[in-house]
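Right, one structure below, let's go through it.
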Amino acid sequence: MRNVIAVAAMVGLVVGGCASGPRGKVQQPKEAREIAGRLLEIMDACEKKDFVRLESYHLYGPQFTKFSTESAGRLEAEVARKGERDGLSAVNGLSMRADDLKIDVFGKVGIATFVLSYSFKAGDQTIEKQAKTTMAFVKDGGEWKIAHEHLSAVAVK
């Protein structure tokens, strides 16, 4: 059981950058569709453990930040990158979904908010979790990249 909890914590570091199947209303036509498409690419890279592609969707550098449910403080780029690699490597059968997706675009900045529903295999158990998620995207060289991620665990009822 201790291993299952450890794996769940590691996946939590990953899931802010990853999800599969954005759902909900997309309000700004072109830019919001581009960001929704980028979310699908992020989710696909996570599920396939394609780290090179996943990392290309982040604006890693001194301005990148992340808050996750497993860390009390802000994570900088290298710690966030390592957490995603470690977390994805530790699980099998990862499946993610972005529920109640809302995307707002302000010029070269897009904010996506959604409830991230995800599951994975840990041994013979399937673990299911949810996190309220905000991702800030910045248009960089014509591509939407994640500049900030924030995840908050959804309370279990």
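The values are calculated or read from the model by the stated rules, or taken from the named source; none is laboratory data. Every value quoted in this text rests on a predicted model; they were computed, and no experiment measured them. Quick reminder, even Gly has a Cβ in these numbers, built from the backbone with ideal geometry, and neighbours come from all protein chains shown. Ligands, DNA and RNA are stripped out before the accessible areas are found, and what is left, the full protein with its side chains, is counted by its heavy atoms. Shrake-Rupley method; radii C 1.70, N 1.55, O 1.52, S 1.80 Å.
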Return the pair list, or none, for Cβ contacts closer than 8 Å from residues in the stretch 106-135 that are of a type in the set (Val, Ile, Thr) to residues that are not in a strand (DSSP E or B), at least 6 apart or on different chains. VAL115/VAL154; ILE127/VAL4; ILE127/VAL7; ILE127/ALA8; ILE127/VAL11; THR133/VAL15; THR133/GLY16; THR133/ALA19
Before we move on, is VAL156 open to solvent by 60 Å² or more (accessible area, probe 1.4 Å) and aliphatic (A, V, I, L, M)? yes
Look at the stretch 53-85 and say how many of its residues are assigned to a loop (DSSP other than H, G, I, E, B) and free of Cβ contacts under 8 Å to residues at least 60 places away in the same chain. 7
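Can you name the residue in the stretch 78-114 that is among the aliphatic types (A, V, I, L, M) and within 19 Å of ASP50 (Cβ to Cβ) and is also most open to solvent (accessible area, probe 1.4 Å) among such residues?
Taking the stretch 78-114 first, the residues among the aliphatic types (A, V, I, L, M) are 79-80, 88, 90-91, 94, 96, 98, 101, 103, 105, 109, 111-112.
Next cut, within 19 Å of ASP50 (Cβ to Cβ) only: 80, 88, 90-91, 94, 96, 98.
Working: ALA80: 2, LEU88: 2, ALA90: 44, VAL91: 2, LEU94: 23, MET96: 2, ALA98: 0 Å².
Of everything passing the filter in the stretch 78-114, ALA90 is most open to solvent (accessible area, probe 1.4 Å).
If only one of LEU13, LEU39 is modelled with pLDDT of 95 or more, buried (at least 19 other Cβ atoms within 10 Å of the Cβ) and within 17 Å of the chain's Cα centre (by Cα), which one is it?
Details: LEU13 fails: modelled with pLDDT of 95 or more.
Answer to the selection: LEU39.
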Are any residues in the stretch 115-148 among the β-branched types (Val, Ile, Thr) and open to solvent by less than 30 Å² (accessible area, probe 1.4 Å), and if so, which ones? ILE127, THR133, ILE146
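Run down LEU88, LEU94, LEU101 and say which single residue is assigned to a helix (DSSP H, G or I) and among the hydrophobic types (A, V, I, L, M, F, W, C). Steps first, please.
On the way: LEU94 fails: assigned to a helix (DSSP H, G or I); LEU101 fails: assigned to a helix (DSSP H, G or I).
After applying the criteria, what remains is LEU88.
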Selection from the stretch 68-78 of residues that are in contact with a strand residue (DSSP E or B) (Cβ under 8 Å, 6 or more places away or on another chain) and at pLDDT 95 or above: ARG74, LEU75, GLU76, ALA77
